[in-house]
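Below you'll find the structure, written out as structure tokens, and then a few comments.
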Amino acid sequence: MPQARPPEELGPDRLGKDPLDSRIVRYLERRSGEGLHVRSVQPLAGDASTRRYYRVVLSEGTGATSLVLALMPEPFEPERESFLNVARLFAEIPVRIPTLYDVSGPEGILLLEDCGDQLLQRLVEQAGRETGSDVSDLYDVYVSALEILARIQSRGAELESASYLPYGIAFDEEKLSWELGYFRRHFLEGFRQVSLTASEKDSLHDSFSRIVGEVAGLPRVLCHRDYHSRNLMVAGGELVVLDFQDARMGPVSYDLVSLLRDSYVGLDDDFVEEMATQFCSVSSHVSLRSLQDEFDLVALQRNLKALGTFGYQCSVRGESVYEQHIPRTLELVRANLSRSPRWDGLRRTLAAHVPELA
């Protein structure tokens, strides 16, 4: 058997100023003795979670040219790990997700199929840069995303079981309230350094309570929870769904809102309307009328929550890369508030401190 290479030869041995995590080194040393011949380990851009991702480039003659290693924040028990639980559920639906090759609970590691780098986000951005091209050229890709979403909802209803974690958690009042409180703490007060008066706090509380009550009262289906352009990848001519471990029960429109009122890519209103209509034609859970009634409401809550996430990443974790997504998300919220006089009080309170919402 080939001998394991020391840590400094496992590709880049430093991520910023931090050494390659000892759990990764230990895992790869063990796997090298089992025939996994590693040439290098490359850090990948992560998401807003505490998970870290690496591309493990393999030596020639070992089959796949590379794999993705997901490093969890701490060791886990496989039977209780949400990623593995939801992966089993999505396999039953079925949804195309990265193939799982290995699990090491004691080291907090998952070894996954490397599906490449063609995120839907990148494809939309590329379409926007090319002369004579726009996002409508990606019509078929978005329709495929809608069909997957409709299947998650319809087949998810048939597979409901206490053995799958998503059926036991939901976008209920507690969760939705926490998310809007997160927006206040980390975007308004943290990132924007806003000092709210007592009356403004009361006004926000009243508006947020109305939003929460209405969203929590909507009929629920199985939701991916973060179904947007950074979690959909084109590989081998098909869409691969990523980052699904936080799946839970929520409104029919929730994942659709995530896809079409996306903080990461700009979609024009005509395209959004066309895709929403298309979704109603493939979904057994929603009509165009009922979707119209809840779409903006759910989008308002979702986009405010996203601003809270970006604020936290920038002001607490120092991840300034997320700041670039704030202007688009603020514009989504501004346009949403301007369409509904119901939220004039909320708009005035927010606009007093966030001029982009005026």
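I'd like the GluC sites (Glu not before Pro) in the stretch 130-215 restricted to DSSP loop residues with at most 15 other Cβ atoms within 10 Å, sorted by number.
Details: sites: 130, 147, 158, 160, 173, 174, 179, 189, 200, 214; in loops: 130, 160.
Sites meeting the loop and neighbour criteria: 130, 160.
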To the nearest 20 debye, the chain has a Cα-centred charge dipole, built from +1 on Lys and Arg Cβ and -1 on Asp and Glu Cβ, of 700
Check: C-alpha center the stretch 165-214 vs C-alpha center the stretch 95-164, spacing in Å is 29
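Between residue 340 and residue 113, how high is the FRET efficiency from 1/(1 + (r/R0)^6) when r is the Cβ-Cβ distance and R₀ = 45 Å? Nearest 0.05. Numbers along the way, then the final one.
Numbers: r = 43 Å, r/R0 = 0.96.
Using R0 = 45 Å, I get an efficiency of 0.55.
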For the chain, the longest principal axis of the Cα atoms and the Cα long axis of helix 198-216 enclose an angle in degrees, to the nearest 10, of 70
To the nearest 10 degrees, the tilt of helix 22-32 (Cα long axis) against the first principal axis of the alpha carbons of the chain is 50
For the chain, the longest principal axis of the Cα atoms and the Cα long axis of helix 288-315 enclose an angle in degrees, to the nearest 10, of 60
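Please give the calculated 222 nm ellipticity per residue for the chain, where each DSSP H segment of at least 4 residues contributes -39500 (n - 2.57) and the sum is spread over every residue; nearest 500 deg cm²/dmol?
Values: 11 runs with 153 residues, N = 358.
The helix contribution divided over the chain gives -14000 deg cm²/dmol.
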If R0 = 30 Å, then residue 328 and residue 147, at their Cβ-Cβ distance, give a FRET efficiency to the nearest 0.05 of 0.70
Checking the stretch 272-358 for GluC sites (Glu not before Pro) in a loop per DSSP with at most 15 other beta-carbon atoms within 10 Å yields 319
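Quick one: dipole size for the stretch 257-311, taken about the Cα centre, charges +1 on Lys/Arg Cβ and -1 on Asp/Glu Cβ, in debye to the nearest 20. Intermediate results must be reported in sequence, preceding the final value.
Details: 4 positive and 9 negative charges, 67 e Å.
For the stretch 257-311, the charge dipole is close to 320 debye.
Of all trypsin sites (Lys or Arg not before Pro) in the stretch 301-338, which ones are in loop regions per DSSP and have a Cβ with at most 12 other Cβ atoms within 10 Å? Could you put the intermediate results ahead of the total?
Details: sites: 302, 305, 317, 328, 334; in loops: 317.
Sparse-neighbourhood loop trypsin sites (Lys or Arg not before Pro): 317.
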If unit charges are put on Cβ atoms (+1 for Lys and Arg, -1 for Asp and Glu) and the dipole of the chain is taken about its Cα centre, the option from 316, 145, 286 lying farthest towards the positive end turns out to be 316
In nm, the gap between the two label points placed 7 Å beyond Cα toward Cβ at residue 80 and residue 197 is 4.9
Listed with the fewest Cβ neighbours within 10 Å leading, 50, 329 appear as 50, 329
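Taking Rh as the Kirkwood radius computed over C-alpha pairs, what is the Stokes-Einstein D of the stretch 143-238 at 37 °C in a medium of viscosity 0.692 mPa s, expressed in µm² per second? Working shown, then result.
Working: Rh = 16.3 Å.
Estimated diffusion coefficient is 201 µm²/s.
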Sorting 154, 20, 253 by the position of each Cα along the dipole of the chain (Lys, Arg +1; Asp, Glu -1; all at Cβ), the one nearest the positive end of that ordering is 20
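Figure the gain on full extension for residue 122 and residue 34 (residue separation times 0.36 nm, minus the Cα-Cα span) and round it to one decimal in nm. Don't jump to the answer; show the numbers that get you there.
Details: separation 88, 0.36 × 88 = 31.68 nm, distance 3.62 nm.
Full extension from residue 122 to residue 34 adds 28.1 nm.
Just so you know, all these numbers are worked out from the coordinates, no wet-lab data involved. Not measured: the values here are computed from a predicted model. Glycine gets a Cβ as well: all are built from the backbone with ideal geometry, and neighbour counts include every protein chain shown.
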